[in-house]
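The values are calculated or read from the model by the stated rules, or taken from the named source; none is laboratory data. Here the structure is a predicted model, which is why all the values come from computation and not from measurement. Positions of Cβ are backbone-derived with ideal geometry, glycine not excepted, and every protein chain shown enters the neighbour counts.
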C-alpha cells in the first residue's frame, strides 16, 4: 500500500510539473496584455502582417542607393508632398492661388512639415522629452492662420481632452511595446477622434503619426509620404477614422490597416522620389 501511494504521489507530482510551464506561459501572456494597453491590437486580423509590410517597405526606401547620402534632398521633397496632401484632407486647396501664396490650411501644413523635415529637427527631440509640449507646438504651427493667438497650442477646455491627451502621449512615447506602425496608427486615430484643439486637428494628427515613425526609428529621416495615399483614398480614410472612433474590433482593425497601408504606399512614394533624384 505504501509503495502504491508513493507511485501515485510521484505520478501526481510529475503531472503538475508538466502543467506548470503552460500555466506560467499563460500568466506571462495575461500579464503582458494587462500591462500594455495596446497589446490586444496585435491580435486583430491582418494588423501584424500590415505592420510588418510597412516596416519592410520603409526599410527598402532608406536603403535606396541615393538615400544613403542624399536623404536630405529626398526628405525635403517628401515633406512638401506630405504637407500638400495633408492640407487637402483638411480642406486646403489642391493648387496655389494666383499670387502663389498657399491658403491658411496649406500654409500651416507646410510649417509643420518643415518642423519635422529630415527627422533631425529640434521638434523631434522635444517630442521624445516632452510630448505634450511638442503637440502644442505642432498645433501652433498648423493653426497660426486659422485661430486667435490665445488658442494656439491650447487644447479644448473639456477636462476629458487633457486627460486623454496625457494618457495617449504616455502610451505612445514609452508605455507600449507594440510595433511602431501600430503606435503611429493609434496616435493618428486617437487624435482624429479626440480633435483636441478644434482647428487643424487633422494636420496635427497626421504630423504626430509622422513624428512617431521618425522618433521610433521606423522612418528616421521622414522619407515616407503616407499622406498622399490617404488623400487619394480620402473616402476610405474618413470611413476608417470613423471606424477607429467607434472602438469596435472591426472599426479598430479598419483604422489600423488603413494607416499601415498608407505607410506602405508612402514608402513606395519615397522610392519614386529617390529614383527621380538619382536620375
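Could you please give the count of residues in region 232-279 that are over 18 Å from the mean Cα position of the chain (by Cα) and not in a helix (DSSP H, G or I)?
Looking only at that region, the number is 2.
Any residue at all in region 182-196 that is farther than 26 Å from residue 270 by Cβ, crowded, with 19+ Cβ neighbours inside 10 Å and free of Cβ contacts under 8 Å to residues at least 24 places away in the same chain?
No, region 182-196 has no match at all.
Return the residues of region 174-185 that are at pLDDT 95 or above and within 20 Å of residue 133 (Cβ to Cβ); say none if nothing qualifies.
Scanning region 174-185 gives 183, 184.
Would you be able to say whether some residue in region 97-111 is within 26 Å of residue 174 (Cβ to Cβ) and part of a helix (DSSP H, G or I)?
Within region 97-111, not a single residue is within 26 Å of residue 174 (Cβ to Cβ) and part of a helix (DSSP H, G or I).
Of all residues in region 57-101, how many are in contact with a helix residue (DSSP H, G or I) (Cβ under 7 Å, 6 or more places away or on another chain) and free of Cβ contacts under 8 Å to residues at least 12 places away in the same chain?
The total comes to 1.
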